[in-house]
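The values are calculated or read from the model by the stated rules, or taken from the named source; none is laboratory data. All of these numbers come straight from a predicted model, not from anything done at the bench. Ideal geometry is used to build each Cβ from the backbone, glycine not excepted, and the neighbour counts take in all protein chains shown.
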Amino acid sequence: MTSDGLTVREAVERLGVGRASVDRWCRSGKLKAAQRGLRWIVGADAFEALATERARWISHADAARLLGAPASTVTAAVRRGELSTRGAQRSRPSP
């Protein structure tokens, strides 16, 4: 951790995601970060906010298990907008 925040490597390790995801989130602004030369430095507050949000996320496979539906049904419901992909109100898909 730098005095300004976390390196991408640290964010990857702590979030348990791939480097490409963190790079994409930095470029898109989903994860507030500043470029220092060729490196991104992720703000500590921005990292904590994303880590808290991610703690509420579940995989399609876990959602399928909880709903008692096939994973393909969950994926189709997400694509139709019947299930949120970011922790907003969720509804049960039709089997």
Worksheet entry | Residues located in the range 52-71, provided they are among the small types (Gly, Ala, Ser), part of a helix (DSSP H, G or I) and loosely packed, with under 13 Cβ neighbours inside 10 Å | Ala61
Worksheet, complete the sentence: Residues of the range 18-33 being of a type outside the set (Ser, Thr, Tyr) and either in a helix (DSSP H, G or I) or surrounded by 14 or more Cβ atoms within 10 Å (Cβ to Cβ) (or both), in sequence order, are Arg19, Ala20, Val22, Asp23, Arg24, Trp25, Cys26, Arg27, Lys30, Leu31, Lys32, Ala33
Fill in: Subset of the range 5-62 [under 30 Å from Ala76 (Cα atoms) and acidic (Asp, Glu)]
Asp23, Glu53, Asp62
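This table checks each residue for (1) touching a helix residue (DSSP H, G or I) at 6+ places or on another chain (Cβ under 7 Å); (2) over 15 Å from Val17 (Cα atoms); (3) not assigned by TED's automatic domain parsing to the domain that holds Val17.
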residue: Ser28; (1), (2), (3): no, yes, no
residue: Ala33; (1), (2), (3): yes, yes, no
residue: Gly37; (1), (2), (3): no, yes, no
residue: Val42; (1), (2), (3): yes, no, no
residue: Pro70; (1), (2), (3): yes, yes, yes
Discussion item. Filter the range 34-51 down to the residues that are over 16 Å from Val12 (Cβ atoms) and outside any loop (DSSP other than H, G, I, E, B) and list them by number.
Written reply: Ala34, Gln35, Arg36, Asp45, Ala49
